[in-house]
Amino acid sequence: MRIVVAVKRVLDSNVKATVKSDNSGVNFSNTKMALNPFCEIAVEEAVRLKEKGVATEIVVVSVGPSTAQEQLRTALALGADRAILVESAEDLTSLAVAKLLKAVVDKEQPQLVILGKQAIDSDNNQTGQMLAALSGYGQGTFASKVEISGDTVAVTREIDGGAQTVSLKLPAIVTTDLRLNEPRYASLPNIMKAKKKPLEVLTPDALGVSTASTNKTVKVEAPAARSAGVKVRSVAELVEKLKNEAKVL
Amino acid sequence: MTILVIAEHDNKVLAPATLNTVAAAAKIGGDIHVLVAGQGAGAVAEAAAQVAGVAKVLVADNAAYAHQLPENVAPLVAELGKGYSHILAAATSNGKNILPRVAAALDVDQISEIISVESADTFKRPIYAGNAIATVQSNAAVKVITVRATGFDPVAATGGSAAVEAVAAAHDAGLSSFVGEELAKSDRPELTAAKIVVSGGRGMQNGDNFKHLYALADKLGAAVGASRAAVDAGFVPNDMQVGQTGKIVAPQLYIAVGISGAIQHLAGMKDSKVIVAINKDEEAPIFQVADYGLVADLFDAVPEMAVLA
């Protein structure tokens, strides 16, 4: 079976985002970009399913600027077989991305689509669920375990109070949570091999998808800063201050 | 303007996050209706009818809604929601699961995890792990929004007397089924509702050492959380994770123990009223946001604090 994995190029998780002085957005000049951590987990899960003989082909897809080819190459080096970039320089909403992914899903007819639960830039946590709705598929979000048997997939989900397991008919959509797996590092030979794997570039127009949005970002500001407080010398002083100064004990 | 709030519940109890969501709806203004989709959730509907400011409670009672499967609940919400100006749900794992499916069905963009209402169509929400706050305006006919509980003080659970109305609509998509769940059992307060939270990080060294935090938490009546590093290392389960992609908390007192203070962790707790950091590395970034910092070995300091507090 074929698996489609959707990935996003984001600001590296170790870089602290700073706001532009004109409040139009976040600074990207000279910042390190990376594969969204949850997308890395999605790629890893697909590769493991292929290694187990469950999947036969992994198609990795990204919606983003031409530079997102770097992240697609990373996914190819981790074990995906071929890549598709739906190129758009615009800052698309999750719904627009879901519509573009739906068009790719229609074309590729995968049995399983794996996405990260959330991109660490927009922090939306929407795309997988929206893709599931548009495709008319079941969704296993925030997955910590994925088991395929026959024409169903059992997904164990991280929920607020613990874990929940659901069974979904295939094809289905899965979004990854942290504990699903620990992604591997790409080896140098695999990085070299990835350069020769096929990477197709499409556009929203070619897919016949409108990316119009009902949302508009009016401004982006820095959050109110929290100032550093005082250092205390002992546990006794700490407890005294919490009781008498902060009055929270 | 009429706003539909999706009740968060387990068929028995109306979850407190619903009260914060109703508070956000009240800030938007207009009539507030609450939808209770579930099975045998009569007690939840009764509780929702008493929530201050709620005008009407809709109850969709069907086996297909028993476990909040989004494949079944989202079409219900989309069908009912068409006539509303806004659809709001708490940004819980359940709300996050269902609402984007509703938004896509209605062909509108969702606004996730709002922390303030600027006007009926404009909202603020954190992005980039809370390192930036975006102001987002929506021109959608139905505005679909999840609400971060820590951004809104809850409305009173009592004082209202809303009419309760049954909704016949049954949606069973036949795509998914509930297999089972394992819920963490704890006598301690729930993490997102606790007044005091004690959290441990990689500095705890192993899961067994969390017993020191449990002892302190029990003395203080606190909940226990963890950083992603502690969860990743397998010390504790994921439902204890506080951070950008875990739970967002804003208690009166947050005690960070052996937590370095990565931006992803700060995103989940920096709106706490008072922050205490206990760490033996005095350069740890957590001290930059802590009101009270103690540079000490946590294995000495935490047991001592449990005695003195």
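Taking the range A:52-65, which residues are in contact (Cβ under 8 Å) with a residue 24 or more places away in the chain and either farther than 25 Å from A:D205 by Cα or in a helix (DSSP H, G or I) (or both)?
Correct list: A:V54, A:A55, A:T56, A:E57.
Of all the residues that make up the range A:207-233, how many are without any contact (Cβ under 8 Å) to a residue 40 or more places away in the chain, surrounded by fewer than 13 Cβ atoms within 10 Å (Cβ to Cβ) and farther than 30 Å from B:P126 by Cα?
Counting residues in the range A:207-233 that are without any contact (Cβ under 8 Å) to a residue 40 or more places away in the chain, surrounded by fewer than 13 Cβ atoms within 10 Å (Cβ to Cβ) and farther than 30 Å from B:P126 by Cα gives 1.
Answer with yes or no whether A:V153 is touching a strand residue (DSSP E or B) at 6+ places or on another chain (Cβ under 9 Å) and in contact (Cβ under 8 Å) with a residue 60 or more places away in the chain.
Answer is no for this residue.
Run A:V201 past the list (1) surrounded by 15 or more Cβ atoms within 10 Å (Cβ to Cβ); (2) in a strand (DSSP E or B) and report the number of the one that doesn't hold.
Result: A:V201 fails condition (1) only.
Inside the range B:101-110, can you point out the residues that are touching a Pro at 6+ places or on another chain (Cβ under 9 Å), at the interface with chain A (Cβ under 7 Å from one of its Cβ atoms) and either farther than 10 Å from A:Q129 by Cβ or in a helix (DSSP H, G or I) (or both)?
B:R101, B:A105
Any chance the range A:175-196 includes a residue that's surrounded by 17 or more Cβ atoms within 10 Å (Cβ to Cβ), modelled with pLDDT of 95 or more, facing chain B (nearest Cβ under 7 Å) and not in a loop (DSSP other than H, G, I, E, B)?
no
Can you name the residue in the range A:160-174 that is aliphatic (A, V, I, L, M) and buried (at least 20 other Cβ atoms within 10 Å of the Cβ) and, of all such residues, is farthest from A:L100 (Cα to Cα)?
Looking at the filtered set, the residue picked out is A:A163.
Please specify each residue of the range A:181-196 satisfying the condition of being in contact with an Asp or Glu (Cβ under 6 Å, 6 or more places away or on another chain) and not polar (S, T, N, Q).
A:P183 - this is the single residue of the range A:181-196 that is in contact with an Asp or Glu (Cβ under 6 Å, 6 or more places away or on another chain) and not polar (S, T, N, Q).
Among A:A98, A:A143, A:A83, A:A133, which is the only one that is in contact with a helix residue (DSSP H, G or I) (Cβ under 6 Å, 6 or more places away or on another chain), of a type outside the set (S, T, N, Q), more than 23 Å from B:R125 (Cα to Cα) and assigned to a helix (DSSP H, G or I)?
A:A133
Assess whether B:E71 counts as being more than 7 Å from chain A (Cβ to nearest Cβ) and over 17 Å from the mean Cα position of the chain (by Cα).
For B:E71, the condition - more than 7 Å from chain A (Cβ to nearest Cβ) and over 17 Å from the mean Cα position of the chain (by Cα) - is not met.
Residue check: is B:A64 in a loop (DSSP other than H, G, I, E, B), more than 7 Å from chain A (Cβ to nearest Cβ), surrounded by fewer than 23 Cβ atoms within 10 Å (Cβ to Cβ) and modelled with pLDDT of 95 or more?
When the stated conditions are applied, B:A64 does not pass them.
For (1) closer than 23 Å to B:V77 by Cα; (2) more than 10 Å from chain B (Cβ to nearest Cβ); (3) among the aromatic types (F, W, Y), each residue gets a yes or a no:
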{"position": "A:L101", "(1), (2), (3)": "no, yes, no"}
{"position": "A:D106", "(1), (2), (3)": "no, yes, no"}
{"position": "A:S122", "(1), (2), (3)": "no, no, no"}
{"position": "A:Q139", "(1), (2), (3)": "yes, no, no"}
{"position": "A:I148", "(1), (2), (3)": "no, yes, no"}
{"position": "A:I159", "(1), (2), (3)": "yes, no, no"}
{"position": "A:G162", "(1), (2), (3)": "no, no, no"}
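So, in the range B:232-280, of the ones that are among the hydroxyl-bearing types (S, T, Y) and under 21 Å from the mean Cα position of the chain (by Cα), which residue ends up surrounded by the most Cβ atoms within 10 Å (Cβ to Cβ)?
Once the filter is applied, the top-ranked residue is B:Y254.
Quick one: B:L88 ticks every box in (1) of a type in the set (A, V, I, L, M, F, W, C); (2) within 13 Å of another protein chain (Cβ to nearest Cβ); (3) within 30 Å of A:T156 (Cα to Cα) bar one, so which box is it?
Exception for B:L88: condition (2).
Being without any contact (Cβ under 8 Å) to a residue 24 or more places away in the chain and of a type in the set (K, R) is true for just one of B:R101, B:R125, B:R148. Which residue is that?
Of B:R101, B:R125, B:R148, the one residue that is without any contact (Cβ under 8 Å) to a residue 24 or more places away in the chain and of a type in the set (K, R) is B:R125.
What tally of residues in the range B:172-229 results from selecting those that are within 14 Å of chain A (Cβ to nearest Cβ), of a type in the set (S, T, N, Q) and crowded, with 20+ Cβ neighbours inside 10 Å?
The number of residues fulfilling the criteria is 3.
Restricting attention to helices (runs of 4 or more DSSP H) lying wholly within the range B:227-309, give those where 2 or more residues are without any contact (Cβ under 8 Å) to a residue 12 or more places away in the chain.
In the range B:227-309, the matching helices (runs of 4 or more DSSP H) lie at B:298-308.
Just the residues that are in a loop (DSSP other than H, G, I, E, B) and within 22 Å of the chain's Cα centre (by Cα), please, taken from the range B:206-226.
Within the range B:206-226, B:G221, B:A222 meet the criteria.
Among the residues of the range A:205-233, what is the count of those that are among the basic types (K, R) and outside any loop (DSSP other than H, G, I, E, B)?
Residues in the range A:205-233 being among the basic types (K, R) and outside any loop (DSSP other than H, G, I, E, B): 3 in total.
Could you tell me whether the range A:234-248 includes any residue that is surrounded by fewer than 15 Cβ atoms within 10 Å (Cβ to Cβ), out of contact with any Cys (no Cβ under 7 Å at 6 or more places or on another chain) and in a strand (DSSP E or B)?
No; the residues of the range A:234-248 include none that is surrounded by fewer than 15 Cβ atoms within 10 Å (Cβ to Cβ), out of contact with any Cys (no Cβ under 7 Å at 6 or more places or on another chain) and in a strand (DSSP E or B).
The values are calculated or read from the model by the stated rules, or taken from the named source; none is laboratory data. Bear in mind the structure is a predicted one, so any value in this text is a computation, not a measurement. All Cβ positions, glycine included, derive from the backbone under ideal geometry; neighbour counts span all protein chains shown.
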